[in-house]
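Some notes on the structure that comes next.
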Amino acid sequence: MPASFIPAALIRNKRWLVFFWMAILTLSAQGQGTLYSYQSGPWDNVDVWTTDPGGTTLTGSRIPGNGDAVVILPSRTVTLASDISSTGLSLAIQPGGVLDAGSFRFTNSLANMNGQGTFRLSSASFPSAASNTFVLNGGGTVEYYNSANFNLPSGQASYFNLKINCPGFTATQVSNLAIDGNLFVSAGTFRINDGTAARRSLVVNGNIEVSAGASMTVGTGNTTTTADPTATGNGGTAPFLDYYVAQSHKVEIFGDLTNNGTIRFTNQAFPVFNAFPADGIATVFFRGPVDKTLTCNGQTDFYNFVLDKGTDQTFTLSVNPADYNKFRLFGANVAGEFTGADPSNPNIRKALWIRNGTLKLNGRTIIPSLVEGASSGSGDFIIPGNGALVLGGPDVVVMGTIDDYAAVDMAYGVGGSGAIRGVTTGSTIVPSGISLFGKLQVDEGKLYVGELGRIVYYGSSAAAQFIINGGIIDIKQFQSVSGGGKTAYWQTGGKLVMRGRFQRSLLYSNLANMIASIGSSAQLNTDREEGPGTGSGTLNIDQDANIFHMEGGSIDIFDVTGSSGTQKAIEINSDPSNVSVTGGDINIYMTSGSSFSDIDYGIASKSPFYNLNITLSTGSRKA
């Protein structure tokens with residue numbers, strides 16, 4: 001109020017002047033106080049509100065108006081019965097408190113929104129606010145419980161906790177979304193994108209939980225720019241290579257993922273290993289320097305799965321499916337890697353990339369194909385120096401490259417057999433096996449590599465670890481390529497079966513029989529086909545610096561790799577100072593076969609053997 005409007009007498013009388021200003025301030029403060037929820041009930045019920053901060057006495061009751069600060073106290077639920085048009089409201093929802101807007105909305109922007117309680121709404125009208133910490137780290141939970149399909153509001157790009165509770169209906173993410181806390185899909189479907197050709201980003205810094213009967217899916221809109229996985233180049237910054245983020249939705253998860261319902265990050269009915277689909281896919285990046293868990297009690301279908309935890313092998317993602325059909329991997333796997341500045345940690349373009357950290361497979365996990373050969377060359381499945389793959393359970397089955405699509409059908413029940421959908425066989429195909437720069441550890445379960453592959457270790461700078469504590473590994477050859485550096489072969493138990501030129505005849509009558517035939521001598525096909533490492537021993541540990549440690553288990557060698565002269569079944573060149581043998585059996589079975597000649601089996605080793613057993617089934621060959 002201008003001083004010219006104040007009587008001169010009041011100006012000279014200071015006591016009356018103070019009284020005058022207090023009166024003015026009191027009048028202007030009407031409608032600008034703080035109101036607390038006294039009890040649960042409708043917003044427009046005067047008896048719901050009190051000026052008592054503890055909410056225990058009903059005093060100063062009135063309905064919130066312009067400029068008020070409104071506090072929803074714990075254990076109170078306040079509901080909107082109509083749109084709220086008040087201006088300048090500040091809204092605080094304390095932990096345990098609930099504001100249920102239903103289908104109504106705040107028609108004017110809030111001055112402030114904060115708290116750790118729950119804001120519920122059954123519309124897409126999320127309130128705007130000049131300042132909103134409710135949706136930021138440490139904020140509250142936003143719950144959508146709509147009774148029709150709807151799009152999440154594109155103007156709201158972040159939440160702390162987000163809950164979808166829409167039985168029978170779909171909430172669709174149509175813009176990029178960041179969730180600082182947890183994502184709960186309690187009922188209905190959370191869908192990434194719709195039918196439009198667009199790619200979305202979803203970042204969840206906490207956990208994702210999908211309840212029984214609920215689902216998380218991707219829309220059918222095309223995310224790819226090419227159908228050819230090998231044509232994607234090496235653009236982007238790892239781990240966000242163009243191979244992934246320019247061809248699919250990007251989902252980053254820093255916490256646990258627990259699925260009791262259905263999750264599908266692809267719309268495919270079956271894996272196609274040599275082509276991208278045109279109906280929507282997502283790449284899931286499991287990130288963050290902390291141990292986390294993937295629990296698959298319901299169907300959980302991934303397209304691309306990238307592990308990027310920390311900067312080395314320290315942190316672990318443990319995978320725990322309740323059954324073999326609960327964890328499935330659908331992505332293409334024929335594109336080669338790009339070496340880059342660090343040959344031990346190349347950029348990999350596969351359905352599974354263990355970039356940093358340890359992927360530990362538990363429960364009833366089966367991966368029917370990690371990599372498939374192609375005439376243009378696909379490169380191996382690579383476990384980089386910063387990564388580790390651990391088979392940690394008796395029911396875990398991992399297959400490197402396969403010889404028949406029937407293996408996928410047995411694992412996933414999707415139909416098909418033969419050389420289809422990217423599965424390739426034959427001597428003209430570029431071999432695709434497992435290249436080891438980091439750690440491959442089998443505690444239990446089975447690891448199988450088909451006729452076009454082997455396990456190789458590379459590079460003088462690598463310090464790869466091949467550890468067998470249990471289970472069965474069924475491969476053609478274990479071989480050093482280009483040195484091998486300080487690679488460690490470490491066996492305390494289990495069985496390593498090496499077929500050489502012999503082939504594996506897997507049983508495809510059912511899944512149990514297929515798994516049982518891995519490593520079985522009864523299912524060994526002695527019709528020979530030469531493998532890739534014809535100049536090296538079937539067991540080839542190449543360098544002085546390589547460690548050979550054996551204290552239990554067995555190594556079973558059935559054939560050599562070459563076809564003329566004396567070929568080596570065993571070739572261990574480790575310096576004696578890098579050798580420790582205190583147990584275990586090495587079994588050489590000199591077995592007759594066809595297509596290529598029976599030849600002598602050479603043994604060249606700087607290592608002693610604890611038990612060496614040589615069996616000649618037929619013929620006159622010698623070791």
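Among the listed residues Phe305, Phe286, Phe276, Phe270, which satisfies the condition of being within 23 Å of Thr189 (Cβ to Cβ) and in a loop (DSSP other than H, G, I, E, B)?
One residue alone meets the criteria, Phe270.
Residues in segment 547-572 that are of a type outside the set (D, E, K, R) and over 22 Å from Gly493 (Cα atoms): how many?
The total comes to 8.
From Gly553, Gly519, Gly533, which residue is of a type outside the set (Phe, Trp, Tyr), assigned to a loop (DSSP other than H, G, I, E, B) and modelled with pLDDT of 90 or more?
The conditions single out Gly519.
Conditions first: (1) open to solvent by 30 Å² or more (accessible area, probe 1.4 Å); (2) of a type in the set (A, V, I, L, M, F, W, C); (3) within 31 Å of the chain's Cα centre (by Cα). Leu152 passes all but one, so which condition is the exception?
Of the numbered conditions (1) open to solvent by 30 Å² or more (accessible area, probe 1.4 Å); (2) of a type in the set (A, V, I, L, M, F, W, C); (3) within 31 Å of the chain's Cα centre (by Cα), the odd one out for Leu152 is (1).
Being closer than 30 Å to Thr424 by Cα and touching a Gly at 6+ places or on another chain (Cβ under 7 Å) is the requirement here; does Thr223 meet it?
Judged against the criteria, Thr223 is a match.
Which of the residues that make up segment 335-351 are closer than 25 Å to Val414 by Cβ and open to solvent by less than 10 Å² (accessible area, probe 1.4 Å)? Can you show your working first?
Within segment 335-351, the subset closer than 25 Å to Val414 by Cβ is 335, 348-351.
Residues satisfying the conditions are Ala335, Ile348, Lys350, Ala351.
Looking at this structure, is Val390 touching an Asp or Glu at 6+ places or on another chain (Cβ under 7 Å), open to solvent by less than 20 Å² (accessible area, probe 1.4 Å), at pLDDT 95 or above and not in a loop (DSSP other than H, G, I, E, B)?
So Val390 fits the description; yes.
Please go through segment 83-124 and give me each residue that is open to solvent by less than 50 Å² (accessible area, probe 1.4 Å), more than 16 Å from Leu162 (Cβ to Cβ) and among the small types (Gly, Ala, Ser), ordered by number.
Ser86, Gly88, Ser90, Ala92, Gly97, Gly102, Ala111
Before we move on, is Gly553 surrounded by fewer than 23 Cβ atoms within 10 Å (Cβ to Cβ) and touching a strand residue (DSSP E or B) at 6+ places or on another chain (Cβ under 7 Å)?
yes
Can you tell me which of Asn546, Asn525 is modelled with pLDDT of 90 or more, open to solvent by less than 30 Å² (accessible area, probe 1.4 Å) and over 31 Å from the mean Cα position of the chain (by Cα)?
Only one candidate passes the filter, namely Asn546.
Out of all the residues in segment 219-251, which are farther than 30 Å from Leu152 by Cα and part of a helix (DSSP H, G or I)?
Pro229, Thr230, Ala231
Restricting to segment 210-244, name every residue that is open to solvent by 50 Å² or more (accessible area, probe 1.4 Å) and of a type in the set (Ser, Thr, Tyr).
The answer is Thr220, Thr225, Thr230, Thr237.
Name the residue, out of Thr311, Thr316, Thr293, Thr283, that is surrounded by fewer than 18 Cβ atoms within 10 Å (Cβ to Cβ) and within 12 Å of the chain's Cα centre (by Cα).
When all the criteria are applied, what remains is Thr293.
Return the residues of segment 245-273 that are within 16 Å of Thr224 (Cα to Cα), of a type in the set (S, T, N, Q) and either out of contact with any helix residue (DSSP H, G or I) (no Cβ under 9 Å at 6 or more places or on another chain) or surrounded by fewer than 20 Cβ atoms within 10 Å (Cβ to Cβ) (or both); say none if nothing qualifies.
Ser248, Thr266, Asn267, Gln268
Can you name the condition, by its number, that Thr172 falls short on among (1) assigned to a strand (DSSP E or B); (2) under 30 Å from Gly280 (Cα atoms); (3) open to solvent by 10 Å² or more (accessible area, probe 1.4 Å)?
(3)
Tally the residues that are surrounded by 23 or more Cβ atoms within 10 Å (Cβ to Cβ), modelled with pLDDT of 95 or more and of a type in the set (A, V, I, L, M), restricting the search to segment 398-414.
6
Taking segment 536-568 as the region of interest, how many residues are in contact with a Ser or Thr (Cβ under 6 Å, 6 or more places away or on another chain) and basic (Lys, Arg)?
Summing the residues that are in contact with a Ser or Thr (Cβ under 6 Å, 6 or more places away or on another chain) and basic (Lys, Arg) in segment 536-568 gives 0.
Suppose the filter is on the phi < 0 side of the Ramachandran plot, within 32 Å of the chain's Cα centre (by Cα) and open to solvent by less than 10 Å² (accessible area, probe 1.4 Å); does Gln479 pass it?
No, not satisfied.
Among the strands (runs of 3 or more DSSP E) lying completely within segment 576-623, list those that include at least 1 residues that are farther than 15 Å from Leu539 by Cα and modelled with pLDDT of 95 or more.
Those strands (runs of 3 or more DSSP E) span 579-590, 611-616.
Residue by residue, here is whether (1) modelled with pLDDT of 95 or more; (2) of a type in the set (S, T, N, Q) holds:
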residue	(1), (2)
Thr224	yes, yes
Asp228	yes, no
Gly235	no, no
Pro239	yes, no
Tyr244	yes, no
Leu257	yes, no
Ala269	yes, no
Gly280	yes, no
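Among the residues of segment 40-82, what is the count of those that are open to solvent by less than 20 Å² (accessible area, probe 1.4 Å) and assigned to a loop (DSSP other than H, G, I, E, B)?
Within segment 40-82, residues that are open to solvent by less than 20 Å² (accessible area, probe 1.4 Å) and assigned to a loop (DSSP other than H, G, I, E, B) number 7.
Just need a number here: residues in segment 528-543 that are open to solvent by less than 20 Å² (accessible area, probe 1.4 Å) and under 36 Å from the mean Cα position of the chain (by Cα).
Matching residues across segment 528-543 total 6.
Conditions first: (1) without any contact (Cβ under 8 Å) to a residue 40 or more places away in the chain; (2) surrounded by fewer than 22 Cβ atoms within 10 Å (Cβ to Cβ); (3) in contact with a Phe, Trp or Tyr (Cβ under 9 Å, 6 or more places away or on another chain). Asp395 passes all but one, so which condition is the exception?
Exception for Asp395: condition (1).
Quickly run through segment 125-149 and pick out the residues that are of a type in the set (Gly, Ala, Ser), surrounded by fewer than 19 Cβ atoms within 10 Å (Cβ to Cβ) and more than 20 Å from Ser75 (Cα to Cα). Let's see the steps before the verdict.
Of the residues in segment 125-149, the ones of a type in the set (Gly, Ala, Ser) are 125, 128-131, 138-140, 147-148.
Imposing the further condition that a residue be surrounded by fewer than 19 Cβ atoms within 10 Å (Cβ to Cβ) reduces the set to 125, 128, 130-131, 138, 147-148.
Those that are of a type in the set (Gly, Ala, Ser), surrounded by fewer than 19 Cβ atoms within 10 Å (Cβ to Cβ) and more than 20 Å from Ser75 (Cα to Cα): Ser125, Ser128, Ala130, Ser131, Ser147, Ala148.
Kindly provide the set of residues from segment 556-575 that are outside any strand (DSSP E or B) and either buried (at least 18 other Cβ atoms within 10 Å of the Cβ) or modelled with pLDDT of 95 or more (or both), ordered by number. Write out each step before concluding.
Applying the first criterion (outside any strand (DSSP E or B)) to segment 556-575 yields 558-566, 573-575.
Residues satisfying the conditions are Phe558, Asp559, Val560, Thr561, Gly562, Asn573, Ser574.
Please go through (1) outside any strand (DSSP E or B); (2) under 28 Å from Thr492 (Cα atoms); (3) among the hydroxyl-bearing types (Ser, Thr, Tyr) for Ser509 and return the number of the only condition it doesn't satisfy.
(2)
Search segment 417-440 for residues being open to solvent by 30 Å² or more (accessible area, probe 1.4 Å) and of a type outside the set (Val, Ile, Thr), and hand back the single one that is modelled with the lowest pLDDT.
Applying the filter and picking the extreme gives Ser427.
The values are calculated or read from the model by the stated rules, or taken from the named source; none is laboratory data. Since the structure is predicted, the reported quantities are computational estimates derived from the model, not experimental observations. All Cβ positions, even for glycine, are placed from backbone atoms using ideal geometry, and neighbour counts span all protein chains on display. With ligands, DNA and RNA removed, areas are computed over all heavy atoms of the protein, side chains included. Shrake-Rupley method; radii C 1.70, N 1.55, O 1.52, S 1.80 Å.
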